[in-house]
1. Of the numbered conditions (1) more than 8 Å from chain B (Cβ to nearest Cβ); (2) open to solvent by less than 50 Å² (accessible area, probe 1.4 Å); (3) not polar (S, T, N, Q), A:Arg200 fails exactly one; give the number of that condition.
2. Quick one: is A:Gly190 small (Gly, Ala, Ser), surrounded by fewer than 20 Cβ atoms within 10 Å (Cβ to Cβ) and over 25 Å from A:Leu109 (Cα atoms)?
3. Would you confirm, using the coordinates I've provided, whether B:Ile257 is modelled with pLDDT under 95, part of a helix (DSSP H, G or I), under 23 Å from B:Asp116 (Cα atoms) and more than 9 Å from chain A (Cβ to nearest Cβ)?
4. If I filter the stretch B:187-207 for residues that are more than 14 Å from chain A (Cβ to nearest Cβ), farther than 23 Å from B:Ala114 by Cα and open to solvent by less than 80 Å² (accessible area, probe 1.4 Å), do I get at least one hit?
5. From the list B:Ala85, B:Ala114, pick out the single residue that is open to solvent by less than 40 Å² (accessible area, probe 1.4 Å), farther than 24 Å from B:Tyr201 by Cβ and of a type in the set (A, V, I, L, M).
6. Using the structure shown, decide if B:Ala217 is modelled with pLDDT of 90 or more, within 10 Å of another protein chain (Cβ to nearest Cβ) and more than 27 Å from B:Leu118 (Cβ to Cβ).
7. Does B:Asn135 count as assigned to a helix (DSSP H, G or I), among the polar types (S, T, N, Q) and over 22 Å from B:Gln98 (Cα atoms)?
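The values are calculated or read from the model by the stated rules, or taken from the named source; none is laboratory data. Treat the numbers as computed from the prediction; the structure is a model and nothing was measured. Using ideal geometry, Cβ is built from the backbone for each residue, glycine included, and neighbour counts are taken over all protein chains shown. We work out accessible area using only protein heavy atoms, side chains counted, and drop any ligands, DNA or RNA first. Shrake-Rupley method; radii C 1.70, N 1.55, O 1.52, S 1.80 Å.
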Amino acid sequence: MQTRRFAIALASVALAAVLSVSPLAGSKADTEQASTFLDSVREQAITGLTDTTRSDEEREALFRSLLNETFDIRRIGRFVVGRYWRQAEAEDQEAFLQAFEDAIVQRFLPLFSQYQGEQLIIGEARPDSKNPKFTVVASTYVDAQSREVKADWRLLQRDGSYKVFDVVVEGVSMAITLRSEYASVIKNQGGLPGLVVLLREKLANGEFRPAVAAE
Amino acid sequence: MVDMLRLGQRQASGRARAWPAVLLCLTLAVASPQGLADELEDLEDDPFADYEEEIEDTNDPLEIPNRFIFAMNQTLDVAIFRPIAVLYRDLVPEYMRQRVHLFLRNLHEPVTLANDMLQGDWDRAGTTWDRFLLNSTGGVFGFWDVATDLGHPYHKEDFGQTLGVYGAGEGPYLMLPILGPSNVRDASGKVVDIFLDPFFYITRETDKEEWRLYRFAADGLDFRTRNLETLDEIERDALDFYARLRSLYRQKREAEIRNDVDALSDEVAAAERID
């Protein structure tokens, strides 16, 4: 259950797309403004992605653009590959980023067509105590059975705009978990291309699709 | 060029911590079309530095035997444990399963109490004490959790966490037969917890040692059943299930030692409670 809710929570914030332009750090007024802003954007995005009258292609295109506006996919991708990134050829890096994004789309997009009134309540922003370069936004995800899960969104500021770098649910960081897993895969496969092959295999089999959607 | 920069950084500041940052920034500089000013700024203060340090080491010198035990556990799980859990879930109503869960959880409270006290956390020790008394009486041997409703939320402590609170490192990661992910610290903690538990002495004095096994089995069934969906989901899109579990276990334990997530778990537990 935890993971499913985690997944949906992540997807919901993929909706809260315009983090990238809102000034979350700084004064309290800014923070409030950002939260209000987020709320309205999230509403718009939920309308867009859960709208079953749209074609699958349309919804996927919308999801991808929201995803890239909200999350720093390149940076996350680089991070999860870790020290193997700099040993890899540029084309393998690009191939990985593409497969990585595809896996995210396959994993999270289907959750929106099963949307049943789950809520994501955006809380306050604070500077990351460990590293001031990050801003942490607290949130509460409430599922359709009104169970609550708290998730922290770690944002990185770049050229005056914010993008999500990591999601931490119950003390578990998505970026760190993936990085640790990918490191093991890359080591066993003898390089980044091996990871890409494995990702593509799973993509082709639809194995990233959430269980409910796959059945 | 790269080596020179590395060397220069090291000599100039002597900050060992900057190493991963420097390497990463050089990578970034190559990979992205940024100005030199940007590169230099990144060299100064890379946001990934802490992340790098947190996880670079998988802490798993016994990975080969660990993976072997994991494979055996997986086999047992597929053949025996999971099917029994599925049967239990499908045959026994959720209401009954919840009673069993709360009863078993209440049995663990004395161990939590002992560890609250060993950690010097008297607030939490008080809460645990109140919970045990309230639930064992008003909650009818713990079948109902009346204490949560009365403002004494659930939390769990074990001796592995107590060791962690006093700064003990986790020690090498261990995959225990049947019990699953652990490490030297937490596995030792499990042994100590046996002796912190009045249940051990009661079953000894009354010559009912076999009840330890029954309780162990019941705990296992309860745990496996409650995690059917979660574990399926974690395994489903895993590229390396073993490595994923290892990372999840280590992060989760660290958060539990910090008591970061307990407040949250309480809320989740409260919300999930079915009466």
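1. Evaluating A:Arg200 over (1) more than 8 Å from chain B (Cβ to nearest Cβ); (2) open to solvent by less than 50 Å² (accessible area, probe 1.4 Å); (3) not polar (S, T, N, Q) leaves (2) as the failure.
2. Criteria met by A:Gly190.
3. yes
4. Within the stretch B:187-207 (the criterion being more than 14 Å from chain A (Cβ to nearest Cβ), farther than 23 Å from B:Ala114 by Cα and open to solvent by less than 80 Å² (accessible area, probe 1.4 Å)), the answer is no, since none of the residues qualifies.
5. Matching residue, one of B:Ala85, B:Ala114: B:Ala85.
6. Here the answer is no, as B:Ala217 does not meet what is asked.
7. On the way: assigned to a helix (DSSP H, G or I): yes; among the polar types (S, T, N, Q): yes; over 22 Å from B:Gln98 (Cα atoms): no.
No; evaluated as a whole, the condition is false for this residue.
To keep it simple, each residue is scored yes or no on (1) closer than 15 Å to B:Asn106 by Cα; (2) more than 13 Å from the chain's Cα centre (by Cα).
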position	(1), (2)
B:Trp144	yes, yes
B:Ala147	yes, yes
B:Asp158	yes, no
B:Val165	no, yes
B:Met175	no, yes
B:Asn183	no, no
B:Asp186	no, no
B:Asp197	yes, yes
